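These notes concern the structure reproduced below.
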Amino acid sequence: MKGKVTGIVFLLAFLLSSGAWAGWVSQESSTTQNLNSLSFVTEFFGFAAGDNGVVLKTLDGGANWAPKVSGTTQNLNDVIFPAAGEGYILGTFGTVRKSTNNGEVFSAFITLPTADATAEFKKGSFAGAIRCLAASKGASADSFLLISYDSGSTWGSAYLTNLNVEGTFTLATGEPWVWGKDFSNNQYQIRRGATVVWTGAGSLVRDLKMVDSNVGYAVGDGGLVLKTTSGGGTSGSWSTVSFPLTNNLKRVFFISQNFGWVVGENGLVAVTSDGGDNWSIYEVEGSPDINSIYVREISSGVVHAYIAGDAGKIFKLASPTITAVTPATKSQGWLGTLEVTGAGFVQNAYVTLVRSGQTSADPDISILYTSVESTTKIVAYLLISPEAIIGARGVKVTNPDATTSTEAAAFSVITAQAEIRDLWVDGTKWAELYDHSPATFTVLTNPSVTYDVYSPSGVTIATVNTHIVLQYNGSTVVIAVPTSALTAVSTQDVRVSYQLASNLPQGKEVQLMFIGEDTLGNVGAENMLAVVTTPETLSNTVPLPGGNTLIGAVYVHPHVFVPETQAAINVQVRLVPGKEVTAFRANLTDWKGSRVWEYIFLPGPTVNRFNFQVPARELPHYMGRGMYVLSVKDNVSGELIGRAKFMIAHSSMVR
């Protein structure tokens, strides 16, 4: 297909990489050692560190990784770079080393006390001028932090009583967070400074990140995900987030209060865009344990994302790709499935269609639902408005991590070839016949509808495919009209007579769409916006302006009609309880009793209330000013329902 455009929307933007695995594309790391940590200074300049003293550096966003001098063969647990010229690696047996030359060489920079010299450095963090490195001395001795408040120029120690520390996180405005296991009571803990703010017996917390001073996340063993929205600094301020798997989780990385990832054992990578209410799970090639994730925000929400794990695996987040869209063309009013094939589709990915020159989704095409069938196939259920603009649309697939690809001009909307004709709802004809509909069109909570599906190519009861779509309160209901509601009118026309079972919300606006399709795919559709009401309770005596009460009443608005400035006379007919009419005959006569206008209305289902219009353009041009009478009869029995008087004036008479 031609005209492929690849971009990123929502909060993120990622570089597109080649590869077939969904979401994450493998990079050549040049090592088979387990990689335990990632850190990036810019979108291109970054580091990975792992077992046996391995340190790797990239200057091109991960396309190439080169080994650097770590000065140790100890296993490295973390690498952090607060600035391009300042970096640290942390590892087993007292390994804490620093680089001042952009990570080319790491050297010893501090002499630890003998009692601390063999501690295992677990994790480091930084904020502003603060540098904080967490070290564990084992399960029977206090852990400690190495802390600098002047960007690493001078260092001091802070001891953590009874805690086998796993890590630390630092905010520039407060004391460091730490987490691990309290060996005095075998409880897992999160502490803010010296205050214990979370305790649990079942799962070790392995990582924590505060997004800001209020919102933060922590992850751990057994699929543990914790969240705070109140600063997390007091006991009880952390709640457990529902997570779909029980893998041990190793790292968490959020770039906003709601948008972030967790990674863990057996290739687990999951993303949420709603603060953990819903998660999308990736497939990662080979399913290695994923030990680290780094998301580098560049500017204006643009980020790059990488993960690293066992056996030297490094992956970079990539956009999906689109190779085909089927069908490529459908008409206004179409309701059906659009199949998108390609690669890199992730669970909870969604499809949008965009008009040429636009960036937002086409408001004339609703995506009722999207189903990700596999990493190579997505099915979207579309509803195209009958008023949709004719022309091409780009088809866009967006993964839940916001990576996206757009296939330009992959789908086109064409003019409808069939029609919906003679539409009646609750005894009122929709404004197909007239230029203007009533100011407020109303329907009952269980409306009765009749309409014709007309196709010049031919249509029968057996071949017609017709639906009624209801949209209200942010929801969409699609009703397949049964064959029992169909009547053949001609070889090109099938009539629908159907009462909706859905209880529409009283007093609310509802959008109704009536769709008919023949076997060749020719579609006709009609939109209608209405307000839902309940049947009016009529007394046995209905007041009848200008006439005697018979079996109903006729009401006319306006009472003084000016043909030059008003488009139509609005009429409402009401029947007394127990009376029903299937066809109305309306007659307009002048003061001499001469008929000047007549029309027969066939609403279909029996009704006890009926609205219609007398268009000004249908009145004889010779009509002068004066009093006129509108009479409405039951066209079957001939019974007079009622009559109403009104005045016709001309603009020169109205002041």
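Things to note:
- The stretch 384-412, subset in a strand (DSSP E or B) and within 16 Å of the chain's Cα centre (by Cα), residue modelled with the highest pLDDT: VAL395
- Test for THR72: is it more than 42 Å from the chain's Cα centre (by Cα) and either under 25 Å from GLY152 (Cα atoms) or part of a strand (DSSP E or B) (or both): yes
- The residues listed here are VAL496, VAL459, VAL481, VAL443; of these, the one that is surrounded by 19 or more Cβ atoms within 10 Å (Cβ to Cβ), touching a residue at least 24 places away in the same chain (Cβ under 8 Å) and in contact with a Phe, Trp or Tyr (Cβ under 9 Å, 6 or more places away or on another chain) is VAL496.
- The listed residues are ILE110, ILE80, and the only one of them that is of a type in the set (Val, Ile, Thr) and under 45 Å from the mean Cα position of the chain (by Cα) turns out to be ILE80.
- Scanning the stretch 197-215 for residues that are without any contact (Cβ under 8 Å) to a residue 40 or more places away in the chain and in a strand (DSSP E or B) turns up THR199, GLY200, VAL205.
- Filtering the stretch 220-262 to residues that are among the polar types (S, T, N, Q) and within 22 Å of ASN77 (Cβ to Cβ) leaves ASN247, ASN248.
- Residue match in the stretch 110-128 (condition: within 19 Å of ALA49 (Cβ to Cβ), touching a residue at least 40 places away in the same chain (Cβ under 8 Å), surrounded by fewer than 16 Cβ atoms within 10 Å (Cβ to Cβ) and in contact with a strand residue (DSSP E or B) (Cβ under 9 Å, 6 or more places away or on another chain)): yes
- Of residues in the stretch 180-224 being under 15 Å from SER235 (Cβ atoms) and aromatic (Phe, Trp, Tyr), the one surrounded by the fewest Cβ atoms within 10 Å (Cβ to Cβ): TYR188
- Inclusion of TYR294 among residues that are at pLDDT below 90 and of a type in the set (Phe, Trp, Tyr) is not warranted.
- Residue check for VAL510: hydrophobic (A, V, I, L, M, F, W, C), out of contact with any Lys or Arg (no Cβ under 8 Å at 6 or more places or on another chain) and over 20 Å from THR442 (Cβ atoms): no
- Residue check, VAL449 crowded, with 23+ Cβ neighbours inside 10 Å and either in contact with a Gly (Cβ under 6 Å, 6 or more places away or on another chain) or of a type in the set (Phe, Trp, Tyr) (or both): no
- Looking only at the stretch 83-93, and only at residues there that are at pLDDT 95 or above and part of a strand (DSSP E or B), the one that is surrounded by the fewest Cβ atoms within 10 Å (Cβ to Cβ): GLU86
- Filtered residues of the stretch 156-175 (kept if in contact (Cβ under 8 Å) with a residue 12 or more places away in the chain, over 36 Å from the mean Cα position of the chain (by Cα) and surrounded by fewer than 21 Cβ atoms within 10 Å (Cβ to Cβ)): SER157, ALA158, TYR159, THR161, ASN162, GLY174, GLU175
- Residue in the stretch 610-617 that is more than 12 Å from ALA583 (Cβ to Cβ) and at pLDDT below 80 present: no
Rundown of residues vs (1) more than 30 Å from ALA305 (Cα to Cα); (2) touching a strand residue (DSSP E or B) at 6+ places or on another chain (Cβ under 6 Å), yes/no style:
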| site | (1), (2) |
| --- | --- |
| ALA408 | no, yes |
| GLU419 | yes, yes |
| THR442 | yes, yes |
| VAL449 | yes, yes |
| SER457 | yes, no |
| GLN471 | yes, yes |
| VAL477 | yes, yes |
| PRO482 | yes, no |
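- Residue count for the stretch 184-196, restricted to those that are part of a strand (DSSP E or B) and within 22 Å of ASP221 (Cα to Cα): 7
The values are calculated or read from the model by the stated rules, or taken from the named source; none is laboratory data. No experiment lies behind these values; they were computed from the predicted model shown. We place every Cβ from the backbone using ideal geometry, glycine too, and count neighbours over all the protein chains shown.
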